[in-house]
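The values are calculated or read from the model by the stated rules, or taken from the named source; none is laboratory data. Remember, it's a predicted structure, so these values are computed and weren't measured experimentally. Please note: Cβ atoms are built from the backbone with ideal geometry, for glycine as well, and neighbour counts cover all protein chains shown.
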Amino acid sequence: MTKKLLLLILLPLALTAQDITIAHAKEETLGKIVSVNAQITQLSSQKQKIVSRLPGHVEHYFVTPGQQVKKGDKVVLIESIALSKMTAEYLALKKQAKAAKQKLETARKLYKKGLTSQSEFNQAIIEAENVLSRLNTLRSQLDSLGIDTATLKKATDQFTLYAHGDGMVGDIFVPLHSNVDAEEPLMSIVNQNAFYAIAYLSVADAMHLSSKSSGELTYAGESYKAHFVQLMPVIDEETQRAKALFALDSHPKNTLINTFTQMQVALPPYTKAVTVSKSALSLFKGEWVVFVEKEHDEAHEKAEHESKEEAHEHEEEEHDEAEHGEHEHEESPYTPKVVEPIAYFGDRVAVKGLEAGEEYVASGVYFVKSMMLKSSLGEHGH
């Protein structure tokens, strides 16, 4: 078996023309591209910390690290002696308030009849207002703890904390069944709608950053666009590099905060360049190429308008070849076009040799090469 026939057999059979995607070359504005280290982060405003409003005991966690939560979801159950005292006091104050109102109403009636003094009536008003004030204050505190005072019938020592917004549970700081103080952080919840990257640049490059500066972050093999927000005022002590904050326009699922990765940053001077997908670029016979569809030249147009006699002769020739087991191999509809890569930026590459709007094979390059190899063997492999 010849090497050419062996290559044909080993070509992937699963590839089809449907694997080929055609795209148009784009004219884009590119700057000087620098590759730097970057760290994924979030602003403090994008993180929420769940804290215990009262001293108590961590009775139960409703969530685990990495779990998605929505605003209002239960996150932790706290058991607190302080809450038990507050609810008991609230129930007692409700009874006192009821009695104070009745006493005030009686004093009002007696005062109208002249059976009590003004000072005694004023004293009843002060006592009722004092009890109601304490009751309303305590009711507000219990409401903030999620205690439904309208249905509260007996003292309770348990209250539930809820997520303040949508996000993902980050760290749990306090182990289960631990005692906690008031305002002690129990866990963090990360808002996954806003992520940033801190790019570490040389001071010289950092001085050229502007509102037009953009970046391309690489994370888990994918690229994500970002735009420049601000230059941080303090140099990183360990690396002696400037820190620039970029906002990610989109972000991967399950982004891990504090991850270090690579980032490409575009700096002035900015120039226009024709770009294609990086996947389209291929080495072919020692040169960088992209594959384009063959043009329909005049010879092809004439071939489509053969005379009836020539068409008839052509059919007879094909019939004779079929009888002798000879099959004409289909020619590949694509041809390589030599280009010169200028700069890489994320999943795009600037090239010379193509014009903006020109069609090229964006994906399925391997299949195109396979077709060209088959076509070549069809011409020379008899």
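Given 77, 104, which one is of a type in the set (A, V, I, L, M), under 27 Å from residue 189 (Cα atoms) and crowded, with 16+ Cβ neighbours inside 10 Å?
When all the criteria are applied, what remains is 77.
So that you can scan it fast, the table gives a plain yes or no per residue for (1) assigned to a strand (DSSP E or B); (2) modelled with pLDDT of 85 or more; (3) of a type in the set (D, E, K, R):
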position	(1), (2), (3)
273	yes, yes, no
279	no, yes, no
283	yes, yes, no
312	no, no, no
318	no, no, yes
327	no, no, no
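Which residue, of 131, 169, 174, is part of a loop (DSSP other than H, G, I, E, B), among the β-branched types (Val, Ile, Thr) and either free of Cβ contacts under 8 Å to residues at least 40 places away in the same chain or closer than 26 Å to residue 255 by Cβ (or both)? Steps first, please.
Values: 131 fails: part of a loop (DSSP other than H, G, I, E, B); 169 fails: part of a loop (DSSP other than H, G, I, E, B).
Result of the check over 131, 169, 174: 174.
Would you call residue 122 closer than 25 Å to residue 83 by Cα, of a type in the set (S, T, N, Q) and out of contact with any helix residue (DSSP H, G or I) (no Cβ under 8 Å at 6 or more places or on another chain)?
Details: closer than 25 Å to residue 83 by Cα: no; of a type in the set (S, T, N, Q): yes; out of contact with any helix residue (DSSP H, G or I) (no Cβ under 8 Å at 6 or more places or on another chain): yes.
Criteria not met by residue 122.
Taking residue 13 as the residue in question, decide whether it is modelled with pLDDT under 90 and part of a helix (DSSP H, G or I).
Details: modelled with pLDDT under 90: yes; part of a helix (DSSP H, G or I): no.
In short, no.
Being surrounded by 15 or more Cβ atoms within 10 Å (Cβ to Cβ) and either closer than 30 Å to residue 332 by Cβ or among the aliphatic types (A, V, I, L, M) (or both) is the filter here; which residues of the stretch 29-74 pass it?
Residues satisfying the conditions are 30, 33, 34, 36, 38, 40, 50, 51, 54, 58, 63, 69.
Just one of the numbered conditions (1) at positive phi; (2) over 30 Å from the mean Cα position of the chain (by Cα) is not true of residue 137; which one?
It fails just one condition, (1).
Taking residue 210, is it surrounded by fewer than 16 Cβ atoms within 10 Å (Cβ to Cβ), at pLDDT below 90 and of a type in the set (Gly, Ala, Ser)?
Yes: the conditions hold for residue 210.
Only one of 155, 182, 150 is in contact with a Gly (Cβ under 9 Å, 6 or more places away or on another chain) and assigned to a loop (DSSP other than H, G, I, E, B); which?
182
Among 110, 77, which is aliphatic (A, V, I, L, M), in contact with a Ser or Thr (Cβ under 6 Å, 6 or more places away or on another chain) and either part of a helix (DSSP H, G or I) or modelled with pLDDT under 90 (or both)?
Within the list 110, 77, the selection yields 110.
Out of all the residues in the stretch 340-373, which are assigned to a loop (DSSP other than H, G, I, E, B), within 16 Å of residue 22 (Cβ to Cβ) and modelled with pLDDT of 90 or more?
Those that are assigned to a loop (DSSP other than H, G, I, E, B), within 16 Å of residue 22 (Cβ to Cβ) and modelled with pLDDT of 90 or more: 354, 355, 356, 357, 358.
Could you list, ordered by first residue, the pairs with Cβ atoms under 9 Å in which the first is in the stretch 206-220 and more than 26 Å from residue 256 (Cα to Cα) and the second is assigned to a strand (DSSP E or B) and among the β-branched types (Val, Ile, Thr), at least 6 apart or interchain?
209/265; 212/29
Can you tell me which of 120, 89, 105, 79 is within 28 Å of residue 172 (Cα to Cα) and of a type in the set (Asp, Glu)? Give the steps one after another, and end with the answer.
Details: 120 fails: within 28 Å of residue 172 (Cα to Cα); 89 fails: within 28 Å of residue 172 (Cα to Cα); 105 fails: within 28 Å of residue 172 (Cα to Cα).
The unique qualifying residue is 79.
Checking the condition loosely packed, with under 14 Cβ neighbours inside 10 Å and more than 28 Å from the chain's Cα centre (by Cα), which residue from 115, 93 passes?
115
Answer yes if at least one residue in the stretch 27-40 is modelled with pLDDT under 90 and hydroxyl-bearing (Ser, Thr, Tyr), and no otherwise.
yes
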